[in-house]
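Engineer: I'd like to ask you about the structure that follows.
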């Protein structure tokens, strides 16, 4: 409550009010200056596009192959000298894709021709050898080459061939010999041990038992020629040999032996030998 009775107090009051008014104006002016908007600074990224001095290089290992392969493809020998299509080109049936150097194929053909000529010469040589062997077989003679081949391949303990062959053949000194004396042969001197055979070996021809019996009384004779389980006992009884030899008589077919016939032959021969020795 203001009182106007004291002028000085009234003046002081007005002075105080005026000061307050100035302070209010001053504060108001300061607050208005602080709240003025300030422009924001926005950052900007700048990139300069230019050719770099160095670039990053990446290396990988791998295989180069077609993306699509046909099962009808096949590998061939030779060097590709010309390629007529590129990857991705469209081709039709019958189109030539590439040309290959024919040198390898020409050499292969020449090699095949040479091998053929060598085989033909070999066949010719075999035929000539067969002819000579057949001629020697017809003469009942074994060649030195045949004997050498048998000794080299098989290393036999004993060689059986015609008695005349041993006069011309050169044999290893450790090889035992069994000469063959054939039916009808005339020889005053007999080997100490020999095989008596028919005129042809391996043909199932029955030998002359009467001649064999006469020779068996003079030397150690092994009887052969046409023997079988059916006649071995009769042969032993007639000839009284030192032993018997059989081949075709125990076969079911040419070159194939029958174990049953072999067993029967052995049993019958032993039984006949036991009976002859009593």
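Engineer: Using bins 10 angstrom wide from zero, how does P(r) for the range 183-277 break down, in % of all Cα pairs?
Structural biologist: All Cα pairs, binned at 10 Å, distribute as 17, 49, 28, 5, 0 percent.
Engineer: With each label point set 7 Å from Cα along the Cα-Cβ vector, what nm distance links residue 175 and residue 128?
Structural biologist: Result for the modelled spin labels: 2.4 nm.
Engineer: Under a plain spin-label model, where a point goes 7 Å from the Cα along Cα-to-Cβ, how far apart in nm are residue 86 and residue 109?
Structural biologist: 3.5 nm
Engineer: If each of residue 251 and residue 75 carries a label point 7 Å out from its Cα toward its Cβ, how far apart are those two points in nm?
Structural biologist: 5.0 nm
Engineer: Please work out how much length the chain gains when fully extended from residue 242 to residue 219, using 0.36 nm per residue of separation minus the C-alpha to C-alpha distance, in nm with one decimal.
Structural biologist: 7.4 nm
Engineer: Multiply the residue separation of residue 262 and residue 60 by 0.36 nm, subtract the distance between their alpha-carbon atoms, and state the gained length in nm to one decimal.
Structural biologist: Contour length minus Cα-Cα distance gives 65.0 nm.
Engineer: Fully extended, how many nm does the chain gain between residue 151 and residue 44 (0.36 nm per residue separation, minus their Cα-Cα distance)?
Structural biologist: 27.9 nm is the gain from fully extending residue 151 to residue 44.
Every number in this text was worked out from the coordinates using simple rules, so none of it is lab data. Remember, it's a predicted structure, so these values are computed and weren't measured experimentally. FYI the Cβ positions are ideal-geometry reconstructions off the backbone, even for glycines, and counts take in every protein chain you see.
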